[in-house]
Amino acid sequence: MRKLYSFIATLMLLVVGSGNAWADSWSINFKGLVSSNADVVISSTETVTIGGTELGTISYNDVAVDSKFVIQTGTKWLMRSDGLYQFNSGGRSFGLKDCTAGQIITITASGDPAVTANATLKSSSNGTYVYTVTADGGVKFTPARYLYFYTIDVEDPAEDNVSYTVKFVDANGNSIKDDATYDDAPGATIAVSDGDKANIEFEGVTYIYDSDDAEGQTVAEDGSTVITVKFRVGEIWSYSVNEVCGEAVARNTSGEAVENTTIKMPYRRYNVVDGVLYEKGVTNKEYNHYFTLAEDGTEVNLAYTATETTDVVFLSEGEDIPGLSRCNSSNTGIRSSNSASAYAANGKVKITTLAAGTYKIVAGIYDASSTHDSHWIFLAGEEQVADLNCTQVNLQELSSEEFTLEKETAIYLGQGGANNRGLDYVYITGNGGTVDVESIEVTIGAAKYATLFYSDTSLEVPAGVTATTYTIAEDNVTLVESKVYTLGNVIPAGEAVVLQGAANTYSFDIVATEATPDANNLLIGTDELTTFEEDGYKFYMLSNGIYGIGFYLQNESGNSIANDEHKAFLRVAEATASKAFFSLGGEATAINSVATAKKETKGVFDLQGRRVDNPVKGLYFMNGKKVVIK
């Protein structure tokens, strides 16, 4: 005797059954229930947790669907004439309550329902997916977005069915996956399902189906039948994807993956070759190309079409612009060109530098927020040249008015955006062009401070860094900031500064802008390794010593200093330099030597106050006392 659980959701049965519990034999057939869209209402009170996800009972048009079918709370689904439609929501799980181990679930849908809890895939073919319930309780599915679900059937196996076992082993017979158990009638012919042939990830290795011994085997009456499915280690194959614009390859992306893997390759909406803008549209609403790695060395060409725009001087994806923060909204990788967008989280960010000329900015804006109303400010130097207002969901292309630059000028994106609002791409057209800017790479270490000096070069401050000059306050004790340079400001040639920023390497663009150094700055620099001494002054080196980040005497007398190339040090008049340490932006430590300031400090320190773990010959301070190591 077989029980058939069919969730029949025709309107007539729903109405008839509204006052009574449904019979054991029931089904869901979602097709044709409505002639137009109807929102599915998910209960937040009648809920159950399956596979760690809260799911609730559902209704539409005030008609309740049986409580054995539940959908993840907080998501959006629609009942359509074609079936139950999974709308674009954050989560997307559904479940079947009160299932029994061994039951067979059959789902017809427009795509893989993707079982994630308490069932295994038995077979799949032409939109029909068959699962076996592994234990009593609920079963959860987490499909991709934008799928239709047509029918769901749950049935008990025949009472005279018996079990058989499927084992999964490597080439040496070692188990690489838990055994699967299935029920079928005695004498039934056994075939290994597609699900049991799927790749297996085990201990960091991908295993590929090789063979099985099911051919000719039938289900033994005593349940002793064992089918062995053998897997081999998957080979690593290479691939290459070309973005082809006419005769040119605008971008080549190569990689490696396990054989027969489905590769998801993001591609750009636009490329530029010789000023001509080339475009490739979306693929199934995505800027992603999918292909199967069928052989080693697979090469894929993505063809772009030339547009009528022929004066492009600059093009970049938002995520490729240094200083922008990548959006992490889950929909970014679906809607955005190249599967990514970015925003200016911490202040304006430089995009490029343009020569004198007339230009127009075109920007693709990704906006998945609930309001779809975001402003994107572009600046030429300090002057606003565009306020682009995105008012559409997901992606909108916006264009500025023409603007004219009388001289070489940096272009910035103003602060703005969020994880679900980003600059997808930007290109600039015009009769001028971008300027190749030379830059100087400067590394800031873990201490988050460094010094910088160039005698004959003006440098533009990049994102994420401040550059500061220092002077002594009128009390002749406190070291204070004199001038602070931030993003886009120019550090004049000959200005010695202290840099502050996260540990990283930064590019300081060399600019022709003339500026006057800070006359109150007490920082001095050199372009090469130099021993510097001058009567009437004491000299301090920026160090991370026993009192933290600050300026320490480099030697006991403080009358000279050895300074590295393009570094800076502090020079203080001897009349006000009785201190051995100056804190950045604070009062100097009232000591005559670094060593005697904290006699309780344990360890060995050099004359700059830096801890020395393995001292060699020389003069040191140990436990507050001067020690000579020979």
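Numbers for the structure displayed
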{"item": "Members of segment 386-402 that are open to solvent by less than 30 Å² (accessible area, probe 1.4 Å), in a strand (DSSP E or B) and closer than 30 Å to Thr513 by Cα", "result": "Ala386, Leu388"}
{"item": "Test result for Leu96, closer than 21 Å to Ser59 by Cβ, part of a strand (DSSP E or B), among the hydrophobic types (A, V, I, L, M, F, W, C) and in contact with an Asp or Glu (Cβ under 7 Å, 6 or more places away or on another chain)", "result": "no"}
{"item": "Members of segment 483-504 found to be open to solvent by 10 Å² or more (accessible area, probe 1.4 Å) and either assigned to a loop (DSSP other than H, G, I, E, B) or over 25 Å from Thr409 (Cβ atoms) (or both), listed by number", "result": "Thr486, Leu487, Gly488, Asn489, Ala493, Gly494, Gln500, Ala502, Ala503, Asn504"}
{"item": "All strands (runs of 3 or more DSSP E) inside segment 36-87 with 2 or more residues being open to solvent by 20 Å² or more (accessible area, probe 1.4 Å), farther than 19 Å from Ala119 by Cβ and among the hydroxyl-bearing types (Ser, Thr, Tyr)", "result": "38-50"}
{"item": "Residues located in segment 355-382, provided they are over 12 Å from Gly414 (Cβ atoms) and either open to solvent by 20 Å² or more (accessible area, probe 1.4 Å) or outside any strand (DSSP E or B) (or both)", "result": "Ala355, Ala356, Thr358, Lys360, Ala368, Ser369, Ser370, Thr371, His372, Asp373, Gly381"}
{"item": "All positions within segment 297-322 that are part of a loop (DSSP other than H, G, I, E, B) and either touching a Lys or Arg at 6+ places or on another chain (Cβ under 6 Å) or open to solvent by less than 50 Å² (accessible area, probe 1.4 Å) (or both)", "result": "Gly297, Thr307, Thr309, Ile321"}
{"item": "Wholly enclosed strands (runs of 3 or more DSSP E) of segment 143-250 bearing at least 3 residues open to solvent by less than 40 Å² (accessible area, probe 1.4 Å)", "result": "148-155, 162-169, 175-184, 205-212, 226-233, 236-245"}
{"item": "Search result, residues across segment 351-362 that are closer than 19 Å to Glu401 by Cβ and more than 21 Å from the chain's Cα centre (by Cα)", "result": "Thr352, Leu354, Ala356, Gly357, Thr358, Tyr359, Lys360, Ile361, Val362"}
{"item": "Within segment 277-296, tally of residues that are part of a strand (DSSP E or B), open to solvent by 30 Å² or more (accessible area, probe 1.4 Å) and either modelled with pLDDT of 95 or more or not aromatic (Phe, Trp, Tyr) (or both)", "result": "6"}
{"item": "Residue selected from segment 88-110 under the condition open to solvent by less than 20 Å² (accessible area, probe 1.4 Å) and of a type in the set (Ser, Thr, Tyr), by the criterion modelled with the lowest pLDDT", "result": "Ser89"}
{"item": "Residue among Asn614, Asn555 that is modelled with pLDDT of 70 or more, of a type in the set (S, T, N, Q) and surrounded by fewer than 21 Cβ atoms within 10 Å (Cβ to Cβ)", "result": "Asn555"}
{"item": "Arg571 vs. criteria at pLDDT 75 or above and of a type outside the set (Gly, Ala, Ser)", "result": "yes"}
{"item": "Complete set of residues in segment 251-266 that are open to solvent by less than 30 Å² (accessible area, probe 1.4 Å) and in a loop (DSSP other than H, G, I, E, B)", "result": "Glu259"}
{"item": "Segment 135-166: number of residues that are at pLDDT 90 or above, of a type outside the set (A, V, I, L, M, F, W, C) and touching a Gly at 6+ places or on another chain (Cβ under 9 Å)", "result": "9"}
{"item": "Filtered residues of segment 112-129 (kept if at negative phi and surrounded by fewer than 17 Cβ atoms within 10 Å (Cβ to Cβ))", "result": "Asp112, Ser123, Ser124, Ser125, Thr128"}
{"item": "Positions within segment 558-577 being without any contact (Cβ under 8 Å) to a residue 40 or more places away in the chain, in contact with a Lys or Arg (Cβ under 9 Å, 6 or more places away or on another chain) and open to solvent by 50 Å² or more (accessible area, probe 1.4 Å), in sequence order", "result": "Asn559, Glu574"}
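Residue-wise test of (1) over 41 Å from the mean Cα position of the chain (by Cα); (2) surrounded by 16 or more Cβ atoms within 10 Å (Cβ to Cβ); (3) farther than 25 Å from Gly414 by Cβ; (4) modelled with pLDDT under 90.
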site	(1), (2), (3), (4)
Glu481	no, no, yes, no
Phe508	no, yes, no, no
Ala515	no, no, no, yes
Asp535	yes, no, yes, yes
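The values are calculated or read from the model by the stated rules, or taken from the named source; none is laboratory data. These numbers were taken from a predicted model, which means no experiment stands behind them. Counting neighbours? That spans all protein chains shown, and the Cβs are built from the backbone with ideal geometry, glycine included. Just the protein is used for accessible areas: all its heavy atoms, side chains included, with ligands, DNA and RNA removed. Shrake-Rupley method; radii C 1.70, N 1.55, O 1.52, S 1.80 Å.
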